[in-house]
Amino acid sequence: MAISGTEPRAIADGRVYTTNGQLHAIDAAAGEVDWTADIGGPLAGPPPVSDGVVMAGGDPLRAIDAETGTVRWRVSGGEPVAAAAVAYDTVFALTSSQLIALDLAEGRIRWFAPGPFHGERIAVGNGSVYAQRANDYRTVSLDAANGTVEWVSGATDGVLGPPSVSDGVLVATSEQGTLYGFDTETGETLWSMSVPSGVPGSLSVADGVVYFNEPNGPLRALSVED
């Protein structure tokens, strides 16, 4: 069965998970669709998968059993969830007005933090959750356990793209084409780098290296310690 028009994919436990208005689980070896589930809407980036659960966005937010495709729980926040991350047995769900932390097993709300936030920008690491405010373009770090604000970054030159965390550095890109590296403990700007051709087309961080494509340009690699 061919599935067209799909969004970014996640791979876990021998399956590929992708969306195109529905959530599909595909056997990675055979290429066959194991199950398909209805969802309220897509999430930014690949569907988060953890401990046998796949998260699907929209309103309500759904936790879907990765083995069967059945809904384990659903929670309505009154507005669509546009981005989510899973860590520390917790689902961190981001809407335009709030960041909500929910128990992964049952969907109980643990805490919430008011926005406004950019609805597609969230990262988790080092015991913290990182989101980006919509009113002043600053990145905010919150304690993943209780939602307490730990720090707010300095001003940037525009709306920041989805952040990534590696080796104590939070990396994000602005709409003006600048890469920023923030200290995850303090929020201090460790470095910034202008991308000559504009906003990077994609950004990922692994093993202390930032990989990004310049628009219509080459793939570049930058150490987060630079």
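The values are calculated or read from the model by the stated rules, or taken from the named source; none is laboratory data. Fair warning: this is a prediction, and the values are worked out from it, not measured in the lab. A quick note on method: Cβ atoms are made from the backbone with ideal geometry, for glycine too, and the neighbour counts reach across all protein chains shown.
A compact table of results
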{"quantity": "Within the stretch 36-75, considering residues that are of a type in the set (D, E) and under 19 Å from the mean Cα position of the chain (by Cα), the one farthest from S204 (Cα to Cα)", "calculated": "D59"}
{"quantity": "Residue under evaluation V91, criteria (1) without any contact (Cβ under 8 Å) to a residue 12 or more places away in the chain; (2) surrounded by 18 or more Cβ atoms within 10 Å (Cβ to Cβ), criterion not met", "calculated": "(1)"}
{"quantity": "Whichever residue in the stretch 4-41 is in contact with an Asp or Glu (Cβ under 8 Å, 6 or more places away or on another chain) and in a loop (DSSP other than H, G, I, E, B) and, among such residues, is modelled with the highest pLDDT", "calculated": "G14"}
{"quantity": "Residue match in the stretch 191-209 (condition: at pLDDT 90 or above and aliphatic (A, V, I, L, M))", "calculated": "no"}
{"quantity": "Selection within the stretch 155-190 - among the β-branched types (V, I, T) and either under 14 Å from S223 (Cβ atoms) or modelled with pLDDT of 80 or more (or both)", "calculated": "V165, V169, V171, T173, T178, T184, T186, T189"}
{"quantity": "Which listed residue is closer than 30 Å to E188 by Cβ, polar (S, T, N, Q) and surrounded by fewer than 16 Cβ atoms within 10 Å (Cβ to Cβ), from T139, T70, T148, T156", "calculated": "T148"}
{"quantity": "Among (1) touching a residue at least 24 places away in the same chain (Cβ under 8 Å); (2) surrounded by 18 or more Cβ atoms within 10 Å (Cβ to Cβ); (3) of a type outside the set (F, W, Y), the one test that G168 misses", "calculated": "(2)"}
{"quantity": "Subset of the stretch 55-99 (residues that are part of a loop (DSSP other than H, G, I, E, B) and on the phi > 0 side of the Ramachandran plot)", "calculated": "G69, G78, Y88, D89"}
{"quantity": "Residue check for A134: farther than 17 Å from G45 by Cβ and either among the hydrophobic types (A, V, I, L, M, F, W, C) or at pLDDT 85 or above (or both)", "calculated": "yes"}
{"quantity": "Flag for G127 being buried (at least 16 other Cβ atoms within 10 Å of the Cβ), out of contact with any strand residue (DSSP E or B) (no Cβ under 6 Å at 6 or more places or on another chain) and farther than 18 Å from A44 by Cβ", "calculated": "no"}
